[in-house]
Amino acid sequence: MRRKNPKEYAKFVSNNFTRIARVIIHPKYRSIGLGVKLVKETMPLVGTRYVETLAVMARYNPFFEKAGMKRVDTPPPRDEILERIEAMGIKIVPGSWRKTASSLKKLPTAQLKEVKALCIRRLERLREMKVKSRSDLLRRLRKGVDLEAIAKTLMMIPKPAVYLYWENLTINQV
């Protein structure tokens with residue numbers, strides 16, 4: 001098979017893939033299988049060969065798989081800052097900046113300053129990428145060593161999404 005140029009590849013993806021961006025079910029109707037039914041019955045109607053989704057929630061709720069989508073497990077993206085922080089022995093407790101802050105209290109001053117610098121770098125990177133960043137945390141970290149601000153910045157580490165797809169075998173590839 002010959003390699004496609006970028007325009008041909010973009011056209012192929014556009015013609016053959018549909019992405020599910022979000023499935024929202026009112027809390028009153030959750031856990032009765034409505035999400036599964038909605039996805040399962042809608043996929044054959046979209047008119048493309050493949051339907052795909054990226055979802056963090058798929059780690060916890062397998063409704064896309066129950067609707068017939070196949071899960072593709074991939075390793076989480078490498079996070080250099082997180083790796084350096086964990087190498088220092090800092091325990092990041094998901095959902096608890098207070099417990100993370102108490103872990104930070106045990107660090108020598110030099111290490112704490114290094115963690116602070118890494119947190120500043122993370123927040124500046126987010127701002128450069130035009131991702132909603134926490135400028136209040138950045139301001140606090142630039143003023144001095146603020147355990148709460150460091151811990152809250154560490155809590156912002158994103159959870160990796162799961163990729164799932166469904167193939168409509170009744171449609172030929174374009």
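Some points to look at:
- Listed peptides 82-92, 160-170 by packing density, highest first (mean Cβ within 10 Å): 160-170, 82-92
- Fraction of the pair-distance distribution of segment 80-154 above 18 Å, Cα-Cα pairs, percent: 33
- Given Lys40/Lys70; Lys11/Lys159; Lys37/Lys70; Lys11/Lys40; Lys7/Lys70; Lys11/Lys66, the pairs whose alpha carbons are separated by over 19 Å: Lys11/Lys159; Lys11/Lys40; Lys7/Lys70; Lys11/Lys66
- With N as its number of residues, the chain has a Cα radius of gyration that, divided by 2.2 N^0.38 Å, comes to 1.38.
- Taken along its three principal axes, the alpha carbon spread of segment 86-129 comes to 32, 26, 16 Å, from the longest extent down to the shortest.
- Across segment 62-174, C-alpha contacts under 8 Å between residues 6 or more apart give a mean separation that, scaled by the residue count, equals a relative contact order of 40 percent.
- Each helix, a run of at least 4 DSSP H residues, gives -39500 (n - 2.57); summed and divided by the residues of the chain, these come to -13000 deg cm²/dmol at 222 nm.
- For the chain, the Cβ-based charge dipole about the Cα centre amounts to some 460 debye (Lys, Arg positive; Asp, Glu negative; other atoms uncharged).
Every read-out reported here was derived from the displayed coordinates using simple, explicitly stated rules and does not represent laboratory data. Everything numeric in this text was worked out from a predicted model, so none of it was measured. Every residue, glycine among them, receives a Cβ derived from its backbone with ideal geometry; neighbour counts consider all protein chains shown.
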